[in-house]
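A short worksheet on the structure shown next.
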Amino acid sequence: MVKTVDAPAADAPASGAAAPESLASLAAEATLLDTSPEREAQAGQMAQAAELVQSNEAELYGTLQAIRAMAFPMLSMVVDAQRMAQLGAVWNDGVLQSTASAGAAVLERHGITMGQVMGQFGPYIMLVAAVAPPVMLTKKILSAPKDKAPGQAPEKLADGQQQ
């Protein structure tokens, strides 16, 4: 007697080959149904990590805005209006936000928070902020045009003020 083998149906997968969509969807469903303590702990840790990244990003964004708020008045003392406008375009909120996002990812990668960064480096940052204005003004004074001979009286401007 000769045995005949039925041909597989056209929509059935070939024997030995798995249907990728159905296996992927089964795996996804299994993951959703997994309520083991380990799975729930892992989900909780992932949620905490995401919250930490968002918190770091928000703190870093605020810090960058504060730096801009402190730096721009100092820069305006030594930089002309055209260059200040260019700096304003570079230091806009969109750039600060994307910088904060990237910085938060780096902090998260190294397990550091903005609070730790500011706790460790905050006093140094404030020292730079305090010293920067007189340093920038000193640089402006020392790099003033040297077309006048030493001891020569300053020229009067059209409005009667001295140069």
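Extension gain for ALA129 to HIS110 (0.36 nm times residue separation, less C-alpha to C-alpha distance): 4.2 nm.
Fully extending the segment from MET74 to GLN86, taken as 0.36 nm per residue of separation minus the present Cα-Cα distance, adds 2.8 nm.
Applying 0.36 nm per residue to the separation of SER143 and GLN97 and subtracting their alpha-carbon distance, the gain on full extension is 13.1 nm.
Since every read-out is calculated from the coordinates, none of them should be taken as a lab result. Just so you know, these numbers come straight off a predicted model, no measurement behind them.
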